[in-house]
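The values are calculated or read from the model by the stated rules, or taken from the named source; none is laboratory data. The structure presented is a predicted model; accordingly, all values stated were derived computationally and were not measured. Positions of Cβ are generated from backbone atoms using ideal geometry, with glycine treated the same way; all protein chains shown enter the neighbour counts.
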Amino acid sequence: MGRAIVITSGKGGVGKTTITANLGASLAKLKKKVVLVDMDIGLRNLDVVMGLENKIVYNIIDVAESRCKIVQALVRDKHLNNSLFLLPASQIHTKDDIDIDKICEIIRAIKGSFDYVLVDSPAGIEHGFDSAITSADEALVVVTPDVSSIRDADRVIGLLENRGIDGTSLIINRHNPALVKRKKILDAESIVDVLGIDLIGIIPEDPQVMEFTNKGEILVLHKNNPTAKAFQNTAKRIEGEDISFLDLKKKKSFFNLFKKK
Amino acid sequence: MEKPALFRGTGEGITMVLNPNAQFHEILEFLKGILEERKTFFSGGAVTVDPNGVPLGESEINLVKELFQNFGVEFKLKGGIELHKKEELEAVPENKEAVVIQQTLRSGQCVNSQGNVVILGDVNEGAEINTTKNVYIFGIIRGIVNAGDHIVSLGFQPLRMTINGIQFDEKFVEKTYRKPRIAQVVNGKIVIKILGEKKSLRRK
């Protein structure tokens with residue numbers, strides 16, 4: 001039985017879709033069978049990030065309304081075509097057209113044949129978000145180092161409670177050590193202090209992310225830079241490996257031993 | 001004398017004189033070290049303890065007695081010493097459910113309650129709380145706390161801590177937390193966790 005994990009944030013534009021694609025690809029590279037589910041009905045983006053727009057025939061609403069079987073709607077990734085799949089969202093419907101029970105059934109069915117089902121949640125806390133988190137068993141909350149994103153994440157974490165979510169962890173996206181040093185943005189420790197959940201990934205700010213989205217290619221499948229390594233480490237931690245964070249390790253330098261906290 | 005305690009041989013046997021400038025937990029650690037080092041020398045014998053100004057209450061005496069017992073040493077208290085009695089605080093009950101002490105519990109003070117106990121401060125070394133219910137401390141535990149089900153605090157450095165009779169047996173750790181931790185009995189042992197800890201995504 002696979003794991004169904006929703007990637008959510010509350011705030012829009014923090015990197016849920018990019019993280020879903022790159023995390024999914026990283027897990028597939030670890031020899032797992034992964035399906036990425038786009039739950040941003042009406043504003044689909046996961047297909048664009050994966051460069052699969054032209055390969056879509058059916059979408060999740062078609063499956064929910066019994067116009068096709070699940071397997072007919074699944075699109076193979078361009079490169080990892082045996083281990084990474086996309087279940088696209090509909091671009092012509094809206095979130096009001098979502099039948100939560102049907103979606104849950106679909107996710108449950110997919111779990112039976114895959115190791116990981118990553119559900120890309122839409123922004124907001126309305127019906128679309130609701131259906132995304134109801135279908136999943138575990139949650140990844142994505143945050144950027146700014147107060148609005150953190151406040152939204154805090155709200156979302158509160159909403160995740162009492163929803164049968166079996167595990168919740170945090171990913172800090174667009175981390176920028178230079179800005180942290182100049183006290184322009186929050187450091188990882190402060191963010192974790194406020195949100196109080198397990199930190200599982202720190203993804204650095206990287207202008208190449210947008211370039212790859214525009215090319216329709218998933219970054220981790222083409223690069224081995226710090227960003228790619230951060231995604232790989234996050235995937236390994238999800239799998240249970242204990243990898244320490246580079247950022248937090250820096251604090252324990254020799255010089256810091258003499259500093260009083 | 002800089003050591004927490006000094007040993008003297010007299011006509012009556014061995015006397016241990018305590019250093020009034022040492023903290024009680026330091027005295028206990030020191031004693032434990034000496035007894036471990038000279039196990040064969042002390043075992044089977046008796047040691048007389050001279051408090052020398054260190055306020056020893058019944059609970060503190062019991063801690064020393066227990067330590068001695070573990071090494072087969074008989075405990076004797078120097079003659080003519082009055083046991084230090086802790087001042088029982090007249091707690092202001094907010095309601096029947098809890099007793100709230102609106103300050104740090106100082107050395108020599110104690111709270112004996114039938115209900116929950118809330119301390120708006122620390123529990124200093126030499127202070128004591130006894131209840132069958134629970135204890136909530138807006139600070140650090142350095143003294144003695146005996147509770148029924150759980151203890152919430154910002155730091156656990158107790159002289160002695162028990163929950164429902166089970167003793168907290170972790171080594172002295174100078175750690176304090178920014179957010180409260182809860183001490184509870186799990187599988188017969190006292191375990192300290194973050195309050196309201198959420199399970200992570202990491203595969204176990």
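Worth pointing out:
- Sole exception among (1) surrounded by 16 or more Cβ atoms within 10 Å (Cβ to Cβ); (2) under 16 Å from B:Leu89 (Cβ atoms); (3) aliphatic (A, V, I, L, M) for B:Leu120, by number: (1)
- Residue in segment B:163-171 that is buried (at least 18 other Cβ atoms within 10 Å of the Cβ), among the basic types (Lys, Arg), away from chain A (no Cβ under 14 Å) and under 19 Å from B:His25 (Cβ atoms) present: no
- Breaking point among (1) surrounded by 14 or more Cβ atoms within 10 Å (Cβ to Cβ); (2) assigned by TED's automatic domain parsing to the domain that holds B:Ala127; (3) among the charged types (D, E, K, R), for B:Lys199: (2)
- Residue match in segment B:184-204 (condition: among the β-branched types (Val, Ile, Thr), within 14 Å of chain A (Cβ to nearest Cβ) and farther than 23 Å from B:Gln102 by Cβ): yes
- Single residue of A:Ala89, A:Ala136 found to be on the phi < 0 side of the Ramachandran plot and either within 14 Å of chain B (Cβ to nearest Cβ) or under 15 Å from the mean Cα position of the chain (by Cα) (or both): A:Ala136
- Flag: A:Ala230 does not match the condition of being within 13 Å of chain B (Cβ to nearest Cβ), part of a helix (DSSP H, G or I) and buried (at least 21 other Cβ atoms within 10 Å of the Cβ).
- Flag: B:Lys179 matches the condition of being among the basic types (Lys, Arg) and either part of a strand (DSSP E or B) or buried (at least 18 other Cβ atoms within 10 Å of the Cβ) (or both).
- Test result for B:Asp149, more than 14 Å from chain A (Cβ to nearest Cβ), touching a residue at least 24 places away in the same chain (Cβ under 8 Å), on the phi < 0 side of the Ramachandran plot and surrounded by fewer than 17 Cβ atoms within 10 Å (Cβ to Cβ): yes
- Residue list for segment B:30-68, filter: in contact (Cβ under 8 Å) with a residue 24 or more places away in the chain, of a type in the set (Gly, Ala, Ser) and either out of contact with any Phe, Trp or Tyr (no Cβ under 9 Å at 6 or more places or on another chain) or surrounded by 16 or more Cβ atoms within 10 Å (Cβ to Cβ) (or both): B:Gly44, B:Gly45, B:Gly53, B:Gly57, B:Ser59
- Here A:Gly201 fulfils each of the conditions (1) modelled with pLDDT of 95 or more; (2) assigned to a helix (DSSP H, G or I); (3) within 14 Å of chain B (Cβ to nearest Cβ) apart from (2).
- Segment A:31-149 holds strands (runs of 3 or more DSSP E) entirely within its bounds, and those carrying 3 or more residues that are over 18 Å from A:Glu217 (Cβ atoms) map to A:116-120, A:138-143.
- Just one of the listed residues (A:Ile218, A:Ile185, A:Ile191, A:Ile202) is more than 27 Å from A:Lys29 (Cα to Cα) and under 19 Å from the mean Cα position of the chain (by Cα), and it is A:Ile191.
- Residue count, segment A:128-168 (criterion: in contact (Cβ under 8 Å) with a residue 60 or more places away in the chain, small (Gly, Ala, Ser) and buried (at least 19 other Cβ atoms within 10 Å of the Cβ)): 8
- Residue match in segment A:169-187 (condition: surrounded by fewer than 17 Cβ atoms within 10 Å (Cβ to Cβ) and within 24 Å of B:Arg181 (Cβ to Cβ)): no
- Which numbered condition A:Ala21 fails, given (1) surrounded by 23 or more Cβ atoms within 10 Å (Cβ to Cβ); (2) in a helix (DSSP H, G or I); (3) in contact with a Phe, Trp or Tyr (Cβ under 8 Å, 6 or more places away or on another chain): (3)
- Residue within segment A:172-195 that is in contact (Cβ under 8 Å) with a residue 12 or more places away in the chain, within 14 Å of another protein chain (Cβ to nearest Cβ), assigned to a strand (DSSP E or B) and not aliphatic (A, V, I, L, M) present: no
- So A:Gly2, is it within 14 Å of chain B (Cβ to nearest Cβ) and either surrounded by fewer than 24 Cβ atoms within 10 Å (Cβ to Cβ) or within 20 Å of A:Ile103 (Cβ to Cβ) (or both): yes
- Those residues of segment B:25-60 which are under 19 Å from B:Leu159 (Cα atoms) and among the hydroxyl-bearing types (Ser, Thr, Tyr), in sequence order: B:Ser59
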